[in-house]
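Data block below; observations after.
The values are calculated or read from the model by the stated rules, or taken from the named source; none is laboratory data. Since this is a predicted model, take the numbers as computed values, not measurements. Cβ sites come from the backbone with ideal geometry, for glycine too, and all protein chains shown count toward neighbours.
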Amino acid sequence: MHAPVVVLGGGPGGYAAAFLAADEGLDVTIVEAEPRLGGTCLLRGCIPSKALLHVAKVIKEVDELREDWGVVYDEKPKIDIDVVRGRKDKVIDTLTSGLGGLAKRRNVTVIRARGSFIDSNTMKLEGDDESIPEGGQLTFDHCILATGSVPAMPGAFNIGSDRVMDSTGALELKDVPETMLIVGGGYIGLEMATVYAHLGSKVTVVELAERLLAGADQDLVKPLVKQINSMCEGRVLLHTKVGSMAEVDDKIEVTFEGPQHFGNERFDRVLVSIGRRPVTQGLGLENTKVEVNERGFVVCDRSQRTADPSILAIGDVAGDPMLAHKATHEGRVAAEVLAGKNVAFDKFAIPAVVFTDPEIAWAGITVEEAKAQGRKVDVEVYPWAASGRAQALGTTDGLTKWIIDPETHRVIGCGIVGSGAGELIAEAVLAIEMGCEVHDITDAIHPHPTLSETLMNAGEIHFGTATEIY
Ligand code: FAD
């Protein structure tokens, strides 16, 4: 069988690239090892985690109603874990079956097989699905490599116990353990800590670095740290190493080495979320000209081209940030390149969102990046305590800040912490992408009373015209 364009991997990078290439008139085949399209994002990442986080948010809000708002339900909420899991699985089923329909409508062929390169224009297909062509081989003119990433699990933690989970295991939500340790204070660890703590587990978070969410500006992280500390009843161990793990009497015994905790403690379950590694092994890349860097990512240029003229790479396998919307955007670039367009990807304003409570979102340059680059910036911060809507919602811990080029007055970065920050950041992404100056934001009328006004208000501080209580 010959395919003009083959996409290896059917995650948000791969299926987006395939659909867009088909829309450009190309004849496209997706090779995906799993029975369903969707990749990490739909099957064991973004979507299941957000379905569970929503349940956690509802539980927290009910608790707050009792404490702060004078609305008392007679009993604490009861959790039916099978229904919670079932709803999450239904969301995944709906979305993945939709993808099958979208592929069919575009005449995109889907082969369910594990693919690897025999050479730069031939792929070996392994599996037992009837979609695999006779001979188990596929030749192609171009391939878009979109094999994504998998959780990193160091040998010391890989002790062969199902009580030690990665993010995939945690999202299966087999039960709500009485005690749970989360190893890693990045966004996946903190999102899963939020889910399990609100479902009723006693959660401990341990992080090797001196702070949580190392990549974000710390003024954004501060309100979240307060919440996480209260949710985990202070069991957040920073600057602490997990030395070893062993299964003892149906528990996992963990050794800590750090200033707050030095010694052993037992947990019912442990989630290891210390990062992800790109999937490049077993792909036969050595049979092509594709190059891999020292961190294991496929090296490609701004048009997603690798060192092999037949192969492009996108998504998690092609480098940081490992985010679904970055994978999708690179998929768009790759599809357009194959359609003969002269396009490239400028990674400047990729938004990052942590879907904890409160949410944290940022885009463009951060204050810490500006400092590291020795770049002079103006920073305007609007505290949500001054927002009428935030006061009404009881979410006054938040803040919105713009990072501004003092010469051009252009907005070059934005950071938000607070309820719905992930939705609010989209306006900032557009502003940064469009090269807006601060007055473009302040001249645009924002609806009142909304949290979106905090973007306008933070800009007004730049001109000294912000209202204190709005
Ligand atoms: P993937 O989604 O990993 O897809 C790769 C596909 O390739 C897989 O389906 C795999 O089966 C297939 N494949 C691999 N090797 C082969 C082979 N040899 N043959 C055939 N098929 C193969 N990102 C966000 O933007 N927002 C979020 O809120 C978010 N939350 C997340 C929460 C969790 C718990 C996790 C784990 C991740 C989250 N992410 C989030 C990250 C996001 O899921 C990834 O960035 C995204 O899925 C990457 O897309 P991709 O297409 O590059 O790869």
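Structure values in brief
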{"item": "All positions within the range 159-174 that are in contact (Cβ under 8 Å) with a residue 24 or more places away in the chain, of a type outside the set (A, V, I, L, M) and farther than 18 Å from Asp249 by Cα", "result": "Asp166, Ser167, Thr168, Gly169, Glu172"}
{"item": "Selection within the range 1-20 - within 9 Å of the ligand (Cβ to nearest atom) and not in a strand (DSSP E or B)", "result": "Gly9, Gly10, Gly11, Pro12, Gly13, Gly14, Tyr15, Ala16, Ala17"}
{"item": "Output for the range 318-349, where each listed residue is under 18 Å from Gly275 (Cβ atoms) and in contact with a helix residue (DSSP H, G or I) (Cβ under 8 Å, 6 or more places away or on another chain)", "result": "Ala318, Met322, Ala324, Lys326, Ala327"}
{"item": "Qualifying residue in the range 21-38 (condition: under 21 Å from Glu191 (Cβ atoms) and either modelled with pLDDT of 95 or more or more than 16 Å from the ligand (Cβ to nearest atom) (or both))", "result": "yes"}
{"item": "Which numbered condition Thr40 misses (of (1) touching a residue at least 60 places away in the same chain (Cβ under 8 Å); (2) out of contact with any Leu (no Cβ under 7 Å at 6 or more places or on another chain); (3) in a loop (DSSP other than H, G, I, E, B))", "result": "(3)"}
{"item": "Pick from the range 396-422, criterion surrounded by fewer than 24 Cβ atoms within 10 Å (Cβ to Cβ) and without any contact (Cβ under 8 Å) to a residue 40 or more places away in the chain, ranking: nearest to Glu453 (Cα to Cα)", "result": "Thr396"}
{"item": "Some residue of the range 333-347 being within 11 Å of the ligand (Cβ to nearest atom), surrounded by 20 or more Cβ atoms within 10 Å (Cβ to Cβ) and of a type in the set (A, V, I, L, M, F, W, C)", "result": "no"}
{"item": "Cross-chain or 6+ apart pairs with Cβ under 8 Å, the range 311-337 first and more than 19 Å from Thr280 (Cβ to Cβ), then more than 7 Å from the ligand (Cβ to nearest atom) and assigned to a strand (DSSP E or B)", "result": "Ala335/Ile144; Val337/Arg305; Val337/Leu312"}
{"item": "From the options Ala209, Ala313, Ala216, residue that is away from the ligand (no atom under 16 Å from the Cβ) and hydrophobic (A, V, I, L, M, F, W, C)", "result": "Ala209"}
{"item": "Residue check, Asp82 under 26 Å from the mean Cα position of the chain (by Cα) and away from the ligand (no atom under 16 Å from the Cβ)", "result": "yes"}
{"item": "Strands (runs of 3 or more DSSP E) (entirely within the range 112-154) containing at least 2 residues that are among the aliphatic types (A, V, I, L, M), within 12 Å of the ligand (Cβ to nearest atom) and closer than 26 Å to Leu43 by Cα", "result": "122-126, 137-145"}
{"item": "Count of the range 270-303 residues which are within 11 Å of the ligand (Cβ to nearest atom) and surrounded by fewer than 17 Cβ atoms within 10 Å (Cβ to Cβ)", "result": "4"}
{"item": "Gln260 being without any contact (Cβ under 8 Å) to a residue 60 or more places away in the chain and either within 11 Å of the ligand (Cβ to nearest atom) or closer than 24 Å to Thr40 by Cβ (or both)", "result": "no"}
{"item": "Subset of the range 360-395 [among the acidic types (Asp, Glu) and touching a strand residue (DSSP E or B) at 6+ places or on another chain (Cβ under 7 Å)]", "result": "Asp378, Glu380"}
{"item": "Lone unmet requirement of (1) among the acidic types (Asp, Glu); (2) in a helix (DSSP H, G or I); (3) out of contact with any strand residue (DSSP E or B) (no Cβ under 7 Å at 6 or more places or on another chain) for Glu247", "result": "(2)"}
{"item": "Matching entry among Leu171, Leu102 (being in a helix (DSSP H, G or I) and in contact with a Phe, Trp or Tyr (Cβ under 8 Å, 6 or more places away or on another chain))", "result": "Leu102"}
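Quick grid of which residues meet (1) closer than 26 Å to Ala361 by Cβ; (2) under 17 Å from the mean Cα position of the chain (by Cα); (3) not charged (D, E, K, R):
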{"site": "Asp162", "(1), (2), (3)": "no, no, no"}
{"site": "Glu172", "(1), (2), (3)": "no, no, no"}
{"site": "Thr179", "(1), (2), (3)": "no, no, yes"}
{"site": "Leu190", "(1), (2), (3)": "yes, yes, yes"}
{"site": "Lys251", "(1), (2), (3)": "no, no, no"}
